[in-house]
Each structure stands twice: as structure tokens, then as C-alpha cells.
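See structure below.
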Amino acid sequence: MLKDKTVLLGVTGSIAAYKIASLASMLVKQGAKVQVLMTENATNFINPITFETLTGRKCLVDTFDRNFEFSVEHVSIAKAADVVMIAPASANVIAKLAHGLADDMLTTTVLACRCKKIIAPAMNTNMYENPIVQDNLKVCERYGMEVITPATGYLACGDTGAGKMPEPEVLFEYIMREIAFGKDLAGKRVLVTAGPTRESIDPVRFITNRSTGKMGYAVARAAAYRGARVTLVTGPVNLKPPMFVDVVPVESAREMFEAVTLRSGEMDMIVKSAAVADYRPGTVGEEKIKKSDGDMSIALERTDDILGWLGSHRREGQILCGFSMETQNMLENSAAKLEKKHADMIVANNLKVSGAGFGTDTNVVTFITKDGAEELPILTKDEVAHRLLDRLLKLRR
């Protein structure tokens, strides 16, 4: 995903510097060219050889190192960069970045960069909360730099509070959002539903299905990477919410209906990938229903048809996509659903096909539109998500 992308990692003098080795490794595994720049103080916390081993590139510290590759090295590196991340960013380097001071390889190179700059502050809580540091961060933001809010927790100095550098996985997501994909959804508002719903029988029991939410979460994440403002309405799942997404947790089909219909009018694109219950118990016991020697039956009633409502109430230009999980007659049933629900596309898959279905990291889907069916090979759900968004953008045009 990051092939042919160049990432500059600026590492400053903070105990959190050792964590950037993991970030460098993640980026290299995604195909990025990673160039690490260190301050002299940073070398007291982690050896440059570590980064050189991980990236296959010389770690640069000294502005006047004579063993350089280019005639004016800091300018050449700056021109090649697609994104710069300074992590951990000390109070000292933040002050330099805010006021254009360039007295080492890191600050000199960053000052010459025209690409996006992302800063991850890491320092003692009292230092971070100092008004001078906060003013410097605001200055950086005013000049177009993005400042990542530090985590709160136990710090190396023994204090507990704000100032902890986010984990490498979080920093990686910021870089991915910036350069991994084009921003063809910039300015668009996208709503995605995901996961199952739970329909209560009594305070103890409920009816649900096997959906894990992986497909919907992949769509939400992909849309956010591509610049959209994403709202994810999700049933109960065991997944970490995607970053850069507004997450709205719900439980029942009725709650999902209300959450979706409340927001649908402002959306440019809606992707209904949740496995919403078709039926719910007609009455819900206020107390636990005790077992008896005989059989038991539960009267069920229909839940609200979210996709049907959206198809009947869509605004002009809005793109609507539904999902269809089948075990037989997939194409016929999905084509009928497309017409009945007034959707632009139905993403159909067959639970019985190897690599498709609930809980897997892959999927085998067919895109069904009024123009016909397009069958995709087995792909990861992340890949399916991007193919889905590509197809919806074509429909929009």
C-alpha cells in the first residue's frame, strides 16, 4: 500500500524513541522507503544502527556528515518526502519547528519539506501542559502541521497524565491516512453500518446472528483513508473501532434504524453492510423467563426495513449500497433486492462459498447493479472495501 512512498521519521530526545523502531518496521513491510533523521540527544535513547538495519538506509544525525549521497542532502531528502512524522517530538524540537529554527539535520530537513508534517509530542505532563508548549503547538497547527494528541497514562518520569506518545500502531494509522490512498472521497460524507443486532427476549437472553462486523469496519476504514467524513453505526462486535471515524454504537434493529435515519439526509453515500435482524420478539420479558418441562415458543414480529426506508427517502445524488448474504439463489435474490429496495448496488455473497461469510478475513462477493453482475475473486475484506468504493464512485459519476 505504501510502495514508492517516502516517509521521513524524525526522532528526538525522548525515552519513547525506542518505540519508533516498530513504526519503521511496519512502514517498510508496507513497501515504504523510510528515512530516519535523529537529533543528537535521540542517539542517547536508541542507536542509529537499529534504524539502519530496519530501513536499509543510513540514519542521518549530523548536518555536515561528509559521507552523504547527494550534494545538498537535506534538500534532496526533503524533496523526496511524501510525509514527515516527528515522533517522539520533544518540547525543544516543537519550539524549533514552530519558529523556523534549523540547527541540526532533522530541523533543517523538515524546514525544507513541502509535504504534510505530523507531530507526536512526548514529554512530562507539566511540560506538555505548559502554556508555552501549548502555544508552540498551536503555531505549528497554524502553519499546517498536524499535532497528534498524546495519550494519557503512566510516564517514564513517574508522573501520570497527558504526554505519553501514542503506540506505533496509532502513528502508523496517521501515516496511512495521509499517503496510502488518493483522496477521491475528500469532502464526501459516508455512512456505514456494520455488525449484528441483538433483539432481547428477556433481561438475560437475546436473538442475534453470526456477523462479526469485519466487512463493515473495513469499508469504514477504507472510506476514511480516502478522505471521507465517515460515520459508522455498529452493532455489538469485538473489533477495535477504526481511527478517524465517528462511531455510533447501537444494539437492536430499532436503535440502528433510528441512528441511520436520523443521519441519512446529510450523507452522500450509504453502505448498509450490517446483518440486521429481520424479526424480534413481539414482547420482551421484564424478568428472566424460567424454564418449564414443556416446550416454549416465541412470537416474532418484523423489524424496521432500514434499506427499504433509505431507498424510499433518499435525496438526489445520494448513493445507496446494500448487502445480501445468501445460501442459495444468490444472484436472483440479490437482483430482486436491488429493485425492491431502490438501491444503486447490492454486494452479494454466499455463506457456503469457501473464503466468504462471517468471521473471515476474506470475502468472495458479486456487485449487482442495474447493468448486471460483476463477480470478484477471493480478496481480503480490506481489498473488497476499496473495490466496493471504486464501484460506487463510478456509479456516482
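Just to be sure before I move on: is ASP104 crowded, with 19+ Cβ neighbours inside 10 Å and at pLDDT below 95 in the structure I sent?
It is true that ASP104 is crowded, with 19+ Cβ neighbours inside 10 Å and at pLDDT below 95.
Select from region 338-371 the residues that are surrounded by fewer than 17 Cβ atoms within 10 Å (Cβ to Cβ), over 27 Å from MET1 (Cα atoms) and either charged (D, E, K, R) or modelled with pLDDT of 95 or more (or both) and list them in ascending order. Scanning region 338-371 gives GLU339, LYS340, HIS342, LYS352, LYS370, ASP371. GLU255 meets the conditions (1) in a loop (DSSP other than H, G, I, E, B); (2) surrounded by fewer than 23 Cβ atoms within 10 Å (Cβ to Cβ) in every case but one. The failed one is (1). Among the residues of region 71-105, those identified as within 29 Å of the chain's Cα centre (by Cα), closer than 23 Å to MET165 by Cβ and aliphatic (A, V, I, L, M) are ALA81, VAL83, VAL84, MET85, ILE86, ALA87, ALA89, ALA91, VAL93, ILE94, LEU97, ALA98.
Kindly indicate whether GLY355 is over 29 Å from the mean Cα position of the chain (by Cα), of a type in the set (Gly, Ala, Ser), over 21 Å from LYS188 (Cα atoms) and assigned to a loop (DSSP other than H, G, I, E, B). Considered against the rule, which asks whether it is over 29 Å from the mean Cα position of the chain (by Cα), of a type in the set (Gly, Ala, Ser), over 21 Å from LYS188 (Cα atoms) and assigned to a loop (DSSP other than H, G, I, E, B), GLY355 comes out as no. Against the list (1) part of a loop (DSSP other than H, G, I, E, B); (2) under 22 Å from LEU392 (Cα atoms); (3) out of contact with any Phe, Trp or Tyr (no Cβ under 8 Å at 6 or more places or on another chain), the condition PRO242 fails is (3). Screening LEU27, LEU9, LEU23 for residues that are aliphatic (A, V, I, L, M) and not in a helix (DSSP H, G or I) leaves exactly one candidate, LEU9. Pairing residues of region 355-367 that are closer than 20 Å to VAL237 by Cβ with residues that are among the charged types (D, E, K, R) and surrounded by fewer than 19 Cβ atoms within 10 Å (Cβ to Cβ), at Cβ distances under 6 Å and at least 6 apart in sequence or on separate chains, gives PHE358/ARG210.
Name the residues in region 1-45 that are within 26 Å of VAL75 (Cβ to Cβ) and among the charged types (D, E, K, R), would you? Listed by number, the residues that qualify are LYS3, ASP4, LYS5, LYS33, GLU40. Criterion applied to ALA274, ALA228, ALA253, ALA259 was being under 16 Å from the mean Cα position of the chain (by Cα) and aliphatic (A, V, I, L, M), and the one residue passing it is ALA228. Across region 258-281, the qualifying residues are those that are in a strand (DSSP E or B) and of a type in the set (Lys, Arg), and the one among them that is nearest to SER200 (Cα to Cα) is ARG280.
Residue by residue, here is whether (1) at pLDDT 95 or above; (2) surrounded by 15 or more Cβ atoms within 10 Å (Cβ to Cβ); (3) not aliphatic (A, V, I, L, M) holds:
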| position | (1), (2), (3) |
| --- | --- |
| LYS116 | yes, yes, yes |
| ILE132 | yes, no, no |
| GLY163 | no, yes, yes |
| GLU169 | yes, no, yes |
| GLY182 | yes, no, yes |
| LEU185 | yes, yes, no |
| ARG189 | yes, yes, yes |
| PRO196 | yes, yes, yes |
| ILE201 | yes, yes, no |
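The values are calculated or read from the model by the stated rules, or taken from the named source; none is laboratory data. Keep in mind the model is a prediction, meaning the values are calculated, not measured. So basically every Cβ, Gly included, is an ideal-geometry build from the backbone, and we count neighbours across all protein chains shown.
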